[in-house]
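Below is one structure, written out as structure tokens; the observations come after it.
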Amino acid sequence: MKTYDVQHIKNVALLGHSGSGKTTLAESMLFESGTISRRGTVEERNTVSDYTDIEHERGSSVFSTMLNLEWRDYKINIIDTPGYDDFIGEVVAALRVADTGVIVLSSVNGVEVGTELIWRYTEQYKTPTLFAVNKLDMEQSKFERTVEQAKERFGRAVTVVQYPINEGTGFDSIVDVLKMTMYKFPPQGGKPEKLPIPDSEREKANRLHNELIEAIAENDETLMDKYFAQGELDEDEMRNGLKKAMIRHQLFPLFCVSAKANMGAGRIMGFIDNVAPSSNELATPIMDTNGNPIPCDPNGPPVMFIFKAISEPNVGDMTFFKVQSGTIKHGMDLMNAQTGVHEHIGHLYIVDGKKREEVHELVAGDIGAVVKLKNTHVNNTLHEKNSSVVVPSIEFPRPKIRIGVEATKKGEEEKVGTALHQLHEEDPTLVVEHSHELHQTILYAQGEMHLGVAKWRLHNRFKVDVNFVDPKIPYRETIQRQSRGMYRHKKQSGGAGQFAEVHMIVEPYHAGMPPPAGITVRGTEEHDLPWGGKLVFLNCIVGGVIDARFMPAILKGVMDKMTNGPLTGCHARDIRVAVFDGKMHPVDSNEAAFKTAGIHAFKDCFMQADPKLLEPIYDITVTVPDEFMGDVLSDLPSRRGVIIGMDTDGHYQKINARMPLAELDKYSSGLRAMTQARATYTAEFAEYQPVPPMVQQKLVQEYAAHGAHAEE
Ligand SMILES: Nc1nc2c(ncn2[C@@H]2O[C@H](COP(=O)(O)OP(=O)(O)OP(=O)(O)O)[C@@H](O)[C@H]2O)c(=O)[nH]1
Ligand SMILES: [Mg+2]
């Protein structure tokens with residue numbers, strides 16, 4: 001392929017609810033442009049996109065797939081994204097490098113959950129956006145209703161540029177009110193005939209043509225004046241006005257297509273060529289992390305931004321990038337801004353699904369791939385040595401659910417760890433945590449499907465099997481009242497004896513609490529615990545009954561028991577310990593003895609101080625369409641959820657509530673079932689709160705049955 005300049009490169013992301021027809025549309029575009037000579041179908045598992053085994057198995061997209069084609073004098077880079085919201089990470093990365101979003105709507109189902117979710121991102125990023133109403137050949141197709149729903153959900157700025165004639169099984173024509181012409185497609189689809197608009201359609205076409213002109217003029221004063229003066233705008237004026245309004249995210253043109261019948265893809269590509277922005281035409285240029293603009297200039301310094309990495313059996317390790325500035329050439333040496341590693345740009349590729357074509361250079365604004373980089377990852381910037389330009393990272397959505405992961409076969413733990421790490425490399429929304437506290441590997445993901453795909457990939461690609469188990473809860477322990485006690489440790493078995501006696505007071509710690517009554521504080525140590533909360537250790541020894549050199553040992557003992565709490569083995573927090581008396585033996589007293597005495601004295605006092613188990617509580621915000629609000633509200637209390645407040649956001653209600661992590665782990669699938677997957681939620685850790693007595697009792701019994709003896 002020849003090298004295109006930035007002006008003639010268009011980067012579009014195909015977006016939309018699962019099943020709306022993005023992959024099929026991509027196939028039709030590739031076919032129309034002559035990039036492929038035969039169209040595949042999702043059903044036959046032979047499309048260019050959806051080429052991975054798991055996508056063949058699922059019959060829908062799991063990953064975003066890079067495609068490219070030439071249409072007239074333009075190069076169009078297409079990113080076919082997955083519609084299932086568990087794979088939203090792929091969409092977010094695609095939106096970072098695409099200059100235009102094409103939201104595909106099924107004319108049968110209208111605006112769906114996935115459409116609304118994606119719209120929120122295009123709104124957030126102010127992505128220039130157009131709509132393609134697909135499946136117009138289907139019997140149940142309802143174009144008008146779909147347009148109405150889109151206007152209702154996404155605003156009046158959604159503006160019809162095309163409408164279908166003979167919608168349904170006889171679909172064969174589209175009226176275009178920008179060009180004021182009708183496209184009539186041959187039965188097998190493909191290149192349409194351009195015909196005058198039939199008289200029967202004149203009145204409707206004119207009405208929509210004027211609506212389009214008004215929508216354009218509304219966003220451009222000069223054009224508004226011209227329109228008022230002339231009552232009309234010519235096609236070029238309309239095109240320029242549309243372009244400006246799209247770039248400013250103020251107008252969303254809507255097109256018609258039947259991807260399966262191969263009708264309409266050409267016109268959409270024509271519009272993308274002529275009107276959609278190139279990377280150097282965006283409303284705001286990309287800013288580097290210092291807030292300086294990075295001009296999309298082929299003559300500027302070379303800057304590559306890594307937005308995707310894959311490693312597949314039949315493709316190998318491939319790193320995808322966008323050229324933010326300059327021209328990337330074969331043989332270049334660049335430096336990774338994050339890892340500091342020098343990377344040699346050996347072979348440069350443009351990619352079409354699993355096929356790749358070597359190219360010599362790629363200019364600013366273009367998208368390509370390289371192989372075999374040493375230490376470069378998603379969100380990294382490659383630039384010239386001594387350059388300070390760093391492209392800001394993509395903010396991937398936070399995980400929604402978590403699960404415990406265990407190797408099915410003992411001894412494969414390391415293999416599982418390596419494989420999970422690789423999965424995270426390729427999908428930053430899959431987050432792995434090896435929790436030392438919980439002695440568990442936890443996988444964080446966007447949803448059940450996301451976890452299912454991860455398991456499939458571990459089995460099929462990494463040849464390792466895992467079991468998903470309930471994730472453990474990082475409970476905390478504390479006490480609710482003061483108690484005092486003592487422990488004498490005495491051991492006289494062959495060899496050196498051990499003797500230590502420690503008397504202490506333990507009490508709940510809170511900031512600004514008064515010193516303990518009736519004892520003299522000789523020394524205070526305040527420890528911020530790595531798991532949160534504090535331990536305050538007071539040396540209240542008088543008369544040297546315990547030598548100062550043994551105090552650290554006592555503290556060590558206390559800290560051991562704080563790490564492995566007396567109640568259920570969880571971390572303890574917010575406790576004040578005052579050691580106020582004790583006994584030593586001139587020979588048998590040593591650090592080990594006092595550590596042991598510290599452990600037991602603390603444990604006994606702790607258990608007498610009305611110990612309490614605390615659980616992590618999360619602030620959640622549930623965004624739910626009006627019609628499901630009642631169900632969500634009435635469901636929350638059954639999950640120990642406490643409703644804090646509510647807010648309205650367009651057609652949605654935002655419910656703020658608090659929920660224990662123990663319940664939150666199951667909430668994702670519950671909410672999806674309750675609201676037909678139309679509600680979403682975010683969760684943020686809030687604080688620790690006491691668990692209900694029943695829950696404590698159950699956990700203490702479980703620990704007594706399984707855990708307690710472990711420490712003896
Ligand atoms: N009749 C008809 N069927 C279509 C059309 N476009 C797509 N389909 C069918 O709709 C189903 C889903 O199509 P895909 O292209 O996989 O949809 P998608 O948007 O890529 O779905 P995800 O990858 O899950 O996000 C497939 O069975 C297609 O054959 C169309 O224009 N008309
Ligand atoms: Mg798809």
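Relative to its residue count, segment 83-123 spans a Cα convex hull of 64 Å³ per residue. Using only the C-alpha atoms, the convex hull of segment 477-609 corresponds to 99 Å³ per residue. Roughly what percent of Cα-Cα pairs across segment 337-447 reach past 21 Å? Percentage above 21 Å: 55. The ratio of the alpha-carbon radius of gyration of segment 370-509 to the globular-protein estimate 2.2 N^0.38 Å is 1.69. Less than 14 Å Cβ to Cβ from GLY645, Lys/Arg counted +1 and Asp/Glu -1: what total charge do the surrounding residues give? Summing Lys and Arg as +1 and Asp and Glu as -1 gives -1. Please report the spacing between the Cα centers of segment 1-51 and segment 316-336 in Å, no decimals. Value for the Cα centre distance between the two parts: 24 Å. Could you tally the net charge around ASP465, taking each other residue with its Cβ under 14 Å from the Cβ of ASP465, Lys/Arg +1 and Asp/Glu -1? Its environment carries a net charge of +4. If R0 equals 60 Å, the separation of the Cβ atoms of GLU123 and GLN608 corresponds to a calculated FRET efficiency of about 0.55. With K and R counted +1 and D and E -1, the other residues having a Cβ less than 10 Å from that of TYR163 yield a net charge of -3.
Close amide H contacts of GLN338 (hydrogens built in the peptide plane, cut-off under 5 Å, sequence separation of 5 or more or a different chain): THR381. Rg and Dmax over the alpha-carbon atoms of segment 613-695 stand at 12.6, 41 Å. Couplings for segment 641-650, taken from phi via the Karplus curve 6.51 cos²θ - 1.76 cosθ + 1.60 with θ = phi - 60°, read x, 10, 7, 9, x, 9, 9, 9, 9, x Hz in order; Gly and Pro are left as x. Here r is the Cβ-Cβ distance between LYS2 and LEU195 and R0 is 35 Å; the resulting FRET efficiency, rounded to 0.05, is 0.55.
Projecting the Cα positions of LEU208, LEU555, THR682 onto the charge dipole of the chain (unit charges on Cβ atoms of Lys, Arg, Asp and Glu, taken about the Cα centre) puts LEU555 furthest along the positive direction. Taken per residue, the accessible surface of the chain reaches 42 Å², heavy atoms only and a 1.4 Å probe. Rolling a 1.4 angstrom probe over segment 477-609 with all protein chains present gives an accessible area of which 52% lies on carbon and sulfur atoms.
Shown for segment 303-383: the carbon plus sulfur share of the solvent-accessible area, taken with all protein chains present and a 1.4 angstrom probe, equals 51%. In angstrom, the C-alpha Rg and Dmax of segment 36-78 are 12.0, 37. Ordering of 147-153, 578-584 by packing is 578-584, 147-153, highest average first (other Cβ atoms within 10 Å, averaged per residue).
At ASN656 and HIS360, where each label point lies 7 Å from the Cα along Cα→Cβ, what is the point-to-point distance in nanometres? Placing both labels 7 Å along Cα→Cβ, they lie 6.0 nm apart. Among 5-11, 464-470, 240-246, the peptide with the highest mean count of other Cβ atoms within 10 Å heads the list, and the full ranking is 240-246, 5-11, 464-470.
What spacing in nm lies between the two simple spin-label points modelled at HIS585 and ALA704, each 7 Å away from Cα in the Cβ direction? So the label points at HIS585 and ALA704 sit 3.3 nm apart.
The peptide list 681-688, 79-86, put in order of mean Cβ contacts within 10 Å with the highest first, becomes 79-86, 681-688. Modelled label positions at VAL642 and ASN460, each set 7 Å beyond Cα in the direction of Cβ, lie 4.6 nm from each other. Could you look at segment 6-281 and say what percent of its accessible area is carbon and sulfur, using a 1.4 Å probe and all protein chains? Heavy-atom surface of segment 6-281 belonging to carbon and sulfur, 1.4 Å probe: 47 percent. One Cα centroid belongs to segment 458-522, the other to segment 375-422; the line between them spans 34 Å.
Stretching ALA496 away from PHE685 to a fully extended chain increases their span by 63.1 nm, per 0.36 nm per residue minus the current alpha-carbon distance.
What the phi angles of segment 386-395 give under the Karplus curve with 6.51, -1.76 and 1.60, with θ = phi - 60°, is a coupling list of 6, 7, 10, 6, 10, 7, x, 6, 5, 8 Hz, glycine and proline written as x. Shown is the FRET efficiency for SER388 and HIS330, computed with R0 = 30 Å from the Cβ-Cβ distance and rounded to the nearest 0.05: 0.75. A convex hull fitted around the alpha carbon atoms of the chain yields 202 Å³ per residue. Secondary structure note: in the chain, about 80% of the DSSP beta bridges are antiparallel.
Roughly speaking, what is the stretch gain from VAL545 to VAL371, that is 0.36 nm per residue apart minus the C-alpha to C-alpha distance, in nm to one decimal?
Contour length minus the Cα-Cα distance gives 55.7 nm.
Length gained on full extension, LYS666 to TRP531, computed as 0.36 nm times the residue gap minus the Cα-Cα distance: 46.2 nm.
The values are calculated or read from the model by the stated rules, or taken from the named source; none is laboratory data. Remember, it's a predicted structure, so these values are computed and weren't measured experimentally. Quick reminder, even Gly has a Cβ in these numbers, built from the backbone with ideal geometry, and neighbours come from all protein chains shown. Please note that ligands, DNA and RNA were not included when accessible areas were found on the heavy atoms of the full protein model with its side chains. Shrake-Rupley method; radii C 1.70, N 1.55, O 1.52, S 1.80 Å.
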